[in-house]
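The values are calculated or read from the model by the stated rules, or taken from the named source; none is laboratory data. Because the structure is predicted, anything quoted here is derived from the model rather than measured. Cβ atoms come from the backbone with ideal geometry, glycine included; neighbour counts cover every protein chain shown. With ligands, DNA and RNA removed, areas are computed over all heavy atoms of the protein, side chains included. Shrake-Rupley method; radii C 1.70, N 1.55, O 1.52, S 1.80 Å.
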Amino acid sequence: MTMKQVKKMQIEIAPRQRMAETGSSLLRSIQNNEMPLMDLLVREAVQNSLDAALDGEGHIQVDFSIRHFNPAKLAEHFDGIRDRLKELYNRNSYRLLEIRDTNTTGLTGPLQEADLKSSSYGNLIKLVYHIGMPQKKEGAGGSWGLGKTVYYRAGIGLVIYYSRVFENGKYQSRLAACLVEDEESDRTLLANMGNHRGIAWWGRKLADGHSTIPLTDEEEILKILSALGAKPFEYGQTGTSVIIPFLKDNLRPVQWGTDFDGIAGSTASPWWTYDDSDYIKIALQKWYAPRLMNEKYRHGRWLRATVNGEVLTYGKFLPAFRIVQKLYNSIPATSGREGEMNDVDLQASIHVSQINLRNVLADGSVAGWMAFGRFPESDLKMLPPDNNPSPFVQIYGREFNGDSNPPIICFTRKPGMIVGYESSGKWTDGISRTAKNEFIIGIFVANSSNRLKDGYQKEGSGDYPLEEYIRGCEKADHASWQDWAPNGRRNPLIIERIQRQVAKNIESRYRSIPESAPPAKHAILGRMLARAILPPEGFGRLGIVQKTDKGGRQASGIPRGTAPVLSQVTPPVYDNGLAKISFKLYSGKMSNLLELKLGAAAEGGNIDAFTWEQADRGTGTPFPAKIIRFELTSADKGEPVRAVWNVLDGPTVAGKTLLEEPLRAPISREAVGIRLLGEKNRTYKGTIWIKPEDPMIRLHLSIEPIPEEDMA
């Protein structure tokens, strides 16, 4: 058959409609700019496969393959965009990514909504033709139905879905394609095709002349698979293949920055960040260590994976992820009770603790289990001849910058995907750091089968398992857990209480073990800094400097009402790496000129940013935070004022309040304070935007008057 005789898949363009998503909005639907796109892709693809696992024992097979294809041959199969594809992508070869699973059900369900006999849409319609339709299967990964949008971000927005199912006593193949692109782009594939919203499908057109359904003709499907270099499923196999042509080159973090969640950049990026296939291998280990190549996985089929044909055996895991799997497997080894166990491959002992919550769970108090250990460098294969990098490099991609190591805590529920790794914030608050040659690593595993008590259950749900509550705690990108109120009225705060118990259990186990003294060159810093108590977003609690004692005087000895005071400081709101804090400021009666300054909490008292950067009195290093924006408005009597200062734009003045040139630290020259020239005995409202550079440091704000003789 010649190229001109190729039978094209027919196009269906999604029209503009009220309340309908556009391609550009779908591409922005998962707002996770912290996690590399390849991590999001691996997490989503594998979770979709696990959710479709066939019943029974054994494994699920997921195969990742990166290869090249001829775009001209593929373009011949696409009605409506053939010429546009050839115009925009005119090289002889481009890359594609195929993610194929077997021992799964495939994209089951009716081919079109008209064939629905119940509210059960099936995997096909939910994955290919709809958005925002979550998995309803208990223990499934998706609770939002938005994760699949990562497929469209990994290439040019074109994704081909090929599946083989067994329904109604027979096997059937199905193939369809979907495009989600930015409809405003000058490189849209749907250019000159009318008023569209950047979404289209390809398949076989129905009698209405508009809608399409997947191809089912085996001969047609084979021709399209041939153009993609993909193989058909064998007889007796069922599964799904997601094929992303025109794979982007910037999905993995080739060049890390100098700071990420308190982790400082090393001289070279880890070896696996230089090749997509290598990166996928590590991402699979990092996010699926509890289930990958683990025949002891206890909630269904375990996961077997290959990358370009290479099987990811347990022996090829990085040491940190081998330990995570050992920790996970230790919980059933102790029958879920408190206990300690030893592993022949480890020097460290593994401890298992029950995490108990009162008055919230129906079947006893066990919300889950915490397995953890204090592992030396030898357990992590960091010493010669192995010379593996530290677990911070393995997990975060870079070394931790400090004289002691914070703990690493991960957490998971029934599907066996690690939701996140935390080294700061609520999961680790209260856990002492270790010496540089030791690492506390732990995993929390939810008790999925326990149920919430009646007062906390979702309305109309009947029995409401803890698994489903935690599933609802996950964001669309499954990157964290946040408490919520299932019935819209009562929030059980289960996650917050679990986090406190996790930290308490670990700290009580290791409290008596002394930390090694830090190196001499950092002795000053080690004495000054308090242990970090910060959320994972990277900003901590604010300390208010002035305190009032019972005698009506400030803690500093200045009569009450005389000194300036910061009050009603709100918890930080995080946005694009910045912490936004609102406060009230009483100017006091001492001076019209005030200085608001950033500082850090230290054991002997707070230290301001200027002292921090001094070599003789402080650390001689740049202060780990800076002010980006400051805004002040009046809150009481007097002429209304409003003043705004931005780092790049300088001050904008209105009324009588002047924000002077910012106070800059001596080494970094970053803005760490600001002078305010206002009125005495007046209250102002303020908002400050701060960019933290090291989440291990607890920050605070202070306000102090400047004597009038110093105002010149």
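Annotations
- Using a probe of 1.4 Å on the protein chains alone, the accessible area found for Arg91 is around 140 Å².
- Rough spin-label spacing in nm, given labels placed 7 Å along Cα→Cβ, for Ser93 and Glu310: 1.9
- Accessible carbon and sulfur surface of the stretch 51-119 relative to its total accessible area, %, 1.4 Å: 44
- Ranking of Lys436, Lys316 by solvent-accessible surface, largest first: Lys316, Lys436 (1.4 Å probe, protein heavy atoms only, all chains present).
- Summing Cβ point charges (Lys, Arg +1; Asp, Glu -1) relative to the Cα centre of the stretch 155-214 gives a dipole of roughly 480 debye.
- Within the full protein context, the accessible area of Tyr421 is estimated at about 20 Å² for a probe radius of 1.4 Å.
- Accessible area, probe 1.4 Å, largest first, for residues Asp101, Asp63: Asp63, Asp101
- Whole-percent carbon and sulfur share, accessible surface of the stretch 313-412, 1.4 Å: 45
- Projecting the Cα positions of Ala367, Pro407, Asn387 onto the charge dipole of the stretch 355-421 (unit charges on Cβ atoms of Lys, Arg, Asp and Glu, taken about the Cα centre) puts Ala367 furthest along the positive direction.
- Once the Cα gyration tensor of the stretch 346-404 is diagonalised, semi-axes √(5λ) in Å: 34, 14, 9
- Here the label points at Asp386 and Ala72, each 7 Å from Cα along the C-beta direction, are separated by 5.2 nm in the simple model.
- Charge tally in the Cβ shell below 11 Å around Arg197, where Lys, Arg are +1 and Asp, Glu are -1, Arg197 excluded: -4
- The stretch 75-133: translational diffusion in µm²/s, Stokes-Einstein, Kirkwood Rh over Cα pairs, 4 °C, 1.567 mPa s: 88
- With the charge dipole of the stretch 1-98 set up from +1 on Lys and Arg Cβ and -1 on Asp and Glu Cβ about the Cα centre, the Cα lying farthest toward the positive end among the listed residues Ala72, Met9, Val62 is that of Ala72.
- When +1 charges are put on Lys and Arg Cβ atoms and -1 charges on Asp and Glu Cβ atoms, the dipole computed for the stretch 40-83 relative to its Cα centre reaches about 280 debye.
- Normalised by the number of residues in the stretch 360-442, the mean separation of alpha-carbon contacts (under 8 Å, six or more apart) gives a relative contact order of 35 percent.
- Alpha carbon convex hull of the stretch 281-347, volume per residue in cubic angstrom: 91
- Note on Ser25 and Glu219: the extension gain reaches 66.2 nm, defined as 0.36 nm multiplied by sequence separation minus the Cα-Cα distance.
- Heavy-atom accessible area per residue - the stretch 1-116, 1.4 Å, Å²: 48
- Judged by the mean number of other Cβ atoms found within 10 Å, the most tightly packed of the peptides 67-74, 151-158 leads the ranking 151-158, 67-74.
- For the stretch 345-459, the per residue solvent-accessible surface stands at 32 Å², with DNA, RNA and ligands left out and a 1.4 Å probe.
- Summed side-chain charge close to Phe317 - residues other than Phe317 whose Cβ falls under 10 Å, Lys, Arg +1, Asp, Glu -1: +4
- Relative contact order of the stretch 66-119, defined on C-alpha pairs under 8 angstrom at six or more residues apart (%): 38
- The accessible area of Ile199, taken with all protein chains in place and a 1.4 Å probe, comes to roughly 10 Å².
- Legend: residues Tyr586, Tyr328, sorted from most to least accessible area (1.4 Å probe; ligands, DNA and RNA excluded), read Tyr586, Tyr328.
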